[in-house]
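I have placed the structure first, in the form of structure tokens, so that the comments after it can refer back to it.
The values are calculated or read from the model by the stated rules, or taken from the named source; none is laboratory data. As the structure is a computational prediction, the values presented were derived from the model and not from experiment. Glycine also receives a Cβ, built like all others from the backbone with ideal geometry; neighbour counts cover every protein chain displayed. Note: areas computed on protein heavy atoms with side chains; ligands, DNA, RNA excluded. Shrake-Rupley method; radii C 1.70, N 1.55, O 1.52, S 1.80 Å.
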Amino acid sequence: MRAALLFMACAGAYAQSPLDVSAGLDGQLDRYLTGIARQQWEARAAAVAAIRTPAEVQARQAYIRKHLVEEIGGFPEKTPLNPRITGTLDRGDYKVEKLIYESQPHYYVTANVFVPAKGKPPYPAVLGTAGHSLDGKAADLYERVWVSLAKRGFVVLAYDPPGQGERLEYFDPATGKSRLSGGGTGEHTMAGMQCLLTGTNIARYFIWDGIRAFDYLLTRPDVDPKRIGVAGNSGGGTQSSYLAAFEPRLAAAAPSCYLTSWEKLWSGPGPQDAEQDFVSFLKDGLDFADFLIAFAPKPIQMATATRDFFPIDGAKAAFAEAHRIFELLGAADHMGFFEFDDTHGWSLPRREATYRWFTRWLQGRQDDGAEPELKLDTPRDLQCTETGQVATSFPGAETVQSLNAALAARLYAGRAGAGGKNIAALVRARLNVAPERAVPRWEQRGEIARQGYKIEKIEIQAEPGITVPALVFVPSGGPRRKPAVLYVDAAGKAADAGGGGAIEGIVREGKIVLALDPRGWGESAPRPKSAGGYATSYQSAMRALLVGKTMPGMQTVDVLRSFDYLRSRPDVNATRISITGKGKGGVLALYAAVLEPRMTNAICTGSPESYLGIVRMKMHEDLMDIVVPGVLRDFDLPDIVKALGPRCAIH
């Protein structure tokens, strides 16, 4: 009760526009998605709890790997690595080789190989996955781990992730920096949104770089192929967790400051970078603990921070769930958990826990893990490329964007809906819009009188938990049943509702206009606060993808339900209802019109023209609202325009 009162008080604290219909809708989308997510993670927890035998563990592992591969869109074929050593640094008890390899043709990966000068090869090895830092592999914090492991007799291959270190893909030669901010996160999200349109995830490029790094280590006579592990922190903790599930040849793993549970992460801080959110991950019955379960019974240690933004309660829950699976396999001590009371980062206690883990499992000895005093090289010392950037050292080098655009072109050529063929069925399936509909429940919440017409404030119940606020502009006089227009504008239903505005112009023609705010826009848009550095609109869209929904799919439902309401009105001519979409609202207009043949026509103004065009763009903005994962495998927006024929007009 107290929580409800607090919610009402907070909602009332925000001033409403005279054209607002409802109150408190800014949180309804996330409440709706949270309800779906809760059902999914509870069903998954029950399924994992029911595992009782090693055979059932193996079945779960196969299930995990199958769905993970599907969610990232599979992998490319293996091609020659073309490795080259561009320089060597002699540091006494270890050396650093500057390595460049191609994980895909002309897709260059910059790496440092730290090689012990003492002991007898072949050595155990560790793949070093860098977290989000501008310097990538060469960041001071990470280099400390690579050097400390090399001094303990490990070969370490540490490589730059896409968009970091020497692999800035949006490099600005004028400033010597990325055109995007965020220590890699901006670059990851920019290309990550485009990857979704081809049915892939940018994570596949991170993971594939790691798999090919493993392949390179196998070519070295100084590396023991049976004793290769992986370690990383934060974004590197993400990558090392992924590789634990995707790379079966690994012998040990030690991810730091990443693993938790979606139940605890969901609301705060919420979804993170593009490579950390897989489409349908929760719908497919997966959670963070599944990366651990997939690795069983091989040794893997979670290093955690009590005050991390990756919630510690979720980390403990993930460990408990995975530990039971390891126990079933007779390997309880292979599932490790280390916690230290500090904040996010590869701090000294977690670094030393990592050293102890690998010396135990890859060298078969005990080690106190003490990190010695270190003299580190600078990022410039460690750079592998001539200029310090792949972008300027290798003309014609591929990027995630260019590789994804090439994939898009191949998919586009073979898309099922080319030229508008069977487009309605393809759109319905891709958006997951049910064909069954009826007149929705609705309530009138007020009325505004204007000269020559009135505005009715209407709430339409699109589905349980979703209220669509709408303004219905009704002209005075005229025939008993009037033609009507659905008006969809990403700027909100009130954007063109002022006196003398575009909507009034339509009303003066004797037409009824219903302007609506589909979920996530206008009145129901999340408040523009940042959660953990991410826009709430971005996080809402990512939550939708995690549970198997899309923003366009859900919003198209809202538009169609508004159409059903309009048809039910006694003052509307049900045979003369059209739709107008502005900006991104034009995309919804196309979807609604092709799914509802009773709409007489669709007019799109200033709308995105093509998903293929978006994928081909070097830079884009404000794309998340219209992303439909895998859409280019089936159709593009011009195919819908073709199918609609004379029913469609593009301005």
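For F473, the conditions (1) among the aromatic types (F, W, Y); (2) open to solvent by 10 Å² or more (accessible area, probe 1.4 Å); (3) within 19 Å of T580 (Cβ to Cβ) all hold with the exception of (2).
Taking the stated definitions as given, is K283 basic (K, R), assigned to a loop (DSSP other than H, G, I, E, B), surrounded by fewer than 24 Cβ atoms within 10 Å (Cβ to Cβ) and touching a residue at least 60 places away in the same chain (Cβ under 8 Å)? Here the answer is yes, as K283 does meet what is asked.
Would you confirm whether any residue within region 77-97 is among the β-branched types (V, I, T), surrounded by 14 or more Cβ atoms within 10 Å (Cβ to Cβ) and closer than 23 Å to E275 by Cα? The answer is no; no qualifying residue exists.
Kindly indicate whether Y170 is in contact with an Asp or Glu (Cβ under 9 Å, 6 or more places away or on another chain) and buried (at least 22 other Cβ atoms within 10 Å of the Cβ). No, not satisfied. Within the set of pairs 6 or more residues apart or between chains, which connect a residue that is within 12 Å of S261 (Cβ to Cβ) inside region 29-58 to a residue that is among the basic types (K, R) with Cβ atoms less than 8 Å apart? Note: pairs meeting the criteria are A37/R543; V48/R60. For region 116-126, give me each residue that is open to solvent by less than 10 Å² (accessible area, probe 1.4 Å) and of a type in the set (A, V, I, L, M, F, W, C). A125, V126 - these are the residues of region 116-126 that are open to solvent by less than 10 Å² (accessible area, probe 1.4 Å) and of a type in the set (A, V, I, L, M, F, W, C).
Just one residue in the set G153, G165, G182, G186 is under 14 Å from the mean Cα position of the chain (by Cα) and either open to solvent by 10 Å² or more (accessible area, probe 1.4 Å) or more than 18 Å from P271 (Cβ to Cβ) (or both); that residue is G186. Is there any pair linking a residue in region 626-640 that is closer than 11 Å to A429 by Cβ and open to solvent by 10 Å² or more (accessible area, probe 1.4 Å) to one that is in a helix (DSSP H, G or I) and among the charged types (D, E, K, R), with Cβ under 7 Å and at least six apart or on different chains, and which? Matching pairs, first to second residue: D634/R430.
Considering only region 578-651, give the helices (runs of 4 or more DSSP H) lying wholly within it that have at least 2 residues that are more than 30 Å from the chain's Cα centre (by Cα). Of the helices (runs of 4 or more DSSP H) lying wholly inside region 578-651, those with at least 2 residues that are more than 30 Å from the chain's Cα centre (by Cα) span 637-644.
Contact map, region 125-145: first residue closer than 20 Å to R91 by Cβ, second residue hydroxyl-bearing (S, T, Y) and open to solvent by less than 10 Å² (accessible area, probe 1.4 Å), Cβ cut-off under 7 Å, separation 6 or more or different chains; pairs are K137/Y159; V145/T354. Considering region 499-524, and only residues there that are in a loop (DSSP other than H, G, I, E, B) and open to solvent by less than 30 Å² (accessible area, probe 1.4 Å), the residue that is nearest to G268 (Cα to Cα) turns out to be G520. Taking region 287-306 as the range and being surrounded by fewer than 19 Cβ atoms within 10 Å (Cβ to Cβ) and either aromatic (F, W, Y) or under 25 Å from G345 (Cβ atoms) (or both) as the test, only T306 passes.
Based on what the data block shows, is I466 farther than 15 Å from S562 by Cβ, surrounded by fewer than 23 Cβ atoms within 10 Å (Cβ to Cβ) and at pLDDT 95 or above? It is false that I466 is farther than 15 Å from S562 by Cβ, surrounded by fewer than 23 Cβ atoms within 10 Å (Cβ to Cβ) and at pLDDT 95 or above.
Residues satisfying the criterion are absent from region 364-383 (criterion: open to solvent by less than 40 Å² (accessible area, probe 1.4 Å) and β-branched (V, I, T)). In contact with a Gly (Cβ under 7 Å, 6 or more places away or on another chain), assigned to a helix (DSSP H, G or I) and surrounded by fewer than 24 Cβ atoms within 10 Å (Cβ to Cβ), is that true of E275? So E275 fails the test.
For region 429-468, residues that are over 18 Å from L514 (Cα atoms), among the acidic types (D, E) and in contact (Cβ under 8 Å) with a residue 12 or more places away in the chain total 1. Residues that are over 17 Å from G268 (Cα atoms), surrounded by fewer than 17 Cβ atoms within 10 Å (Cβ to Cβ) and within 27 Å of the chain's Cα centre (by Cα) within region 307-340 comprise just one, A320. Just one of the listed residues (A593, A574, A602) is open to solvent by 20 Å² or more (accessible area, probe 1.4 Å) and on the phi < 0 side of the Ramachandran plot, and it is A574.
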